[in-house]
1. List, please: which pairs have Cβ atoms under 6 Å, are six or more places apart or on different chains, and start with a residue in the range 8-28 that is of a type in the set (A, V, I, L, M, F, W, C) and end with one that is assigned to a loop (DSSP other than H, G, I, E, B)?
2. List pairs: first in the range 58-87 and without any contact (Cβ under 8 Å) to a residue 60 or more places away in the chain, second assigned to a helix (DSSP H, G or I) and within 16 Å of the ligand (Cβ to nearest atom), Cβ under 6 Å, 6+ apart or cross-chain?
3. Pairs needed: first member in the range 286-307, over 18 Å from Arg166 (Cβ atoms); second member anywhere, among the small types (Gly, Ala, Ser) and in a helix (DSSP H, G or I); C-beta distance under 6 Å; at least 6 residues apart or different chains.
4. For the range 171-186, give me each residue that is modelled with pLDDT of 95 or more and within 9 Å of the ligand (Cβ to nearest atom).
5. Can you name the residue in the range 88-122 that is without any contact (Cβ under 8 Å) to a residue 40 or more places away in the chain and not acidic (Asp, Glu) and, of all such residues, is farthest from the ligand (Cβ to nearest atom)?
6. Would you mind stating whether Pro261 is touching a Leu at 6+ places or on another chain (Cβ under 9 Å) and either part of a loop (DSSP other than H, G, I, E, B) or modelled with pLDDT under 95 (or both)?
7. Of the residues Glu151, Glu134, only one is within 16 Å of the chain's Cα centre (by Cα) and not basic (Lys, Arg); which?
8. Among residues belonging to the range 123-146 that are within 16 Å of the ligand (Cβ to nearest atom), of a type outside the set (Gly, Ala, Ser) and more than 20 Å from Val93 (Cα to Cα), point out the one that is surrounded by the most Cβ atoms within 10 Å (Cβ to Cβ).
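The values are calculated or read from the model by the stated rules, or taken from the named source; none is laboratory data. None of these values were measured; they are calculated from a predicted model. Reconstructed Cβ throughout: ideal geometry from the backbone, glycine too, with neighbour counts over all protein chains shown.
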Amino acid sequence: MKRILVAGAVGQIGSELTMELRKQYGNENVVAMGRKTKPSDELLNSGPFVYGNVTNYDELNQIIKDNEIDTVYLMAAILSAVGEKYPQLAYDVNMNGLYNTLEIAREQKLTRVMVPSSIAAFGPSTPRENTPQETILKPTTMYGVTKVAGELLSDYYFQRFGVDVRGLRYPGIISSETLPGGGTTDYAVEIFYEAIKNKKYTCFVREDTKLPMMYMPDCINATIQLMKADINKLIHHSDFNLAALSFTAGELAAEIKKHIPEFEITYEPDFRQAIADSWPSTIDDSVAREEWGWKEEYTLEVMTKDMIEKLSKQLG
Ligand code: SER
């Protein structure tokens, strides 16, 4: 029997992606892999879980063989802010983890691989408004450098070896289940926790910082939808622009205030401001819409309401 591996299954996207894939393909057919963080009871009890490290070729190879995996979602990554603190680690996980996965996919003739990219692939010289699909890719973070290289390497494996690799340039992802770890867009998640718990938040980017964002249900849909797309309709493979929402930190705070009127925000930009300033504020994702029918569901208003409802319950 052929099965799915989610590497990075304990992370922000991996944890919810694993649960949705288990719903769609059966619990036993979706193997969750984590590196060291303890998985939630839900993740651990609903299907197979293994510890493994994508930077260890032999270990990853063995896990894929032993579990009869034919599809890999490579969600393990070091994000932009942590990547600037530990650039060598970011290179190791993001590049060597990807290289190992692609080599195993080639050798074991896997059916399909998902390799996410990010808005971090863009840089200060990229047009910031309505950033086109084909554009300047000169990022200034190690995370961004690994994402551009990753897109190129993935497309190379497709062209040269016929490995069916697919990838999306994720915007900042907002979610209520698992906290993001070490990204620049994390403020858009933290703000909800702090607004509910403490009615105040100190934001690490300026009020007028506008970035592309997306609510988790849309992110999961986009990811699975691209993996199911008819390959004959795909002209692009590893580098789809993807968008849903774009708002400033101030606009998000104002939306939260509609639900929590006492909420107060202050702004103390730190080193992450420069990273945010190097990324686009809006993205043209018409190619994803044309080639595989992408369409988002959540608006800023609906997402904010849903986040506040879910987190209020969780946080009591
Ligand atoms: N959310 C990521 C980050 O902030 C961008 O893809 O690093």
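1. From residues that are of a type in the set (A, V, I, L, M, F, W, C), the pairs are Val10/Thr37; Val10/Pro39; Ile13/Met75.
2. Pro87/Met142
3. The qualifying pairs do not exist here.
4. Pro171, Gly172, Ile173, Gly183, Thr184, Thr185, Asp186
5. Step by step, filter the range 88-122, then rank; the result is Lys109.
6. Values: touching a Leu at 6+ places or on another chain (Cβ under 9 Å): no; either part of a loop (DSSP other than H, G, I, E, B) or modelled with pLDDT under 95 (or both): yes.
It is false that Pro261 is touching a Leu at 6+ places or on another chain (Cβ under 9 Å) and either part of a loop (DSSP other than H, G, I, E, B) or modelled with pLDDT under 95 (or both).
7. On the way: Glu134 fails: within 16 Å of the chain's Cα centre (by Cα).
Of Glu151, Glu134, the one residue that is within 16 Å of the chain's Cα centre (by Cα) and not basic (Lys, Arg) is Glu151.
8. Filtering the range 123-146 down to residues within 16 Å of the ligand (Cβ to nearest atom) leaves 123-124, 126, 128, 131, 137, 139-146.
Keeping just the survivors that are of a type outside the set (Gly, Ala, Ser) gives 124, 126, 128, 131, 137, 139-143, 145-146.
Next cut, more than 20 Å from Val93 (Cα to Cα) only: 124, 126, 128, 131, 137.
On the way: Pro124: 13, Thr126: 18, Arg128: 16, Thr131: 22, Leu137: 20.
Only one residue fits best here, namely Thr131.
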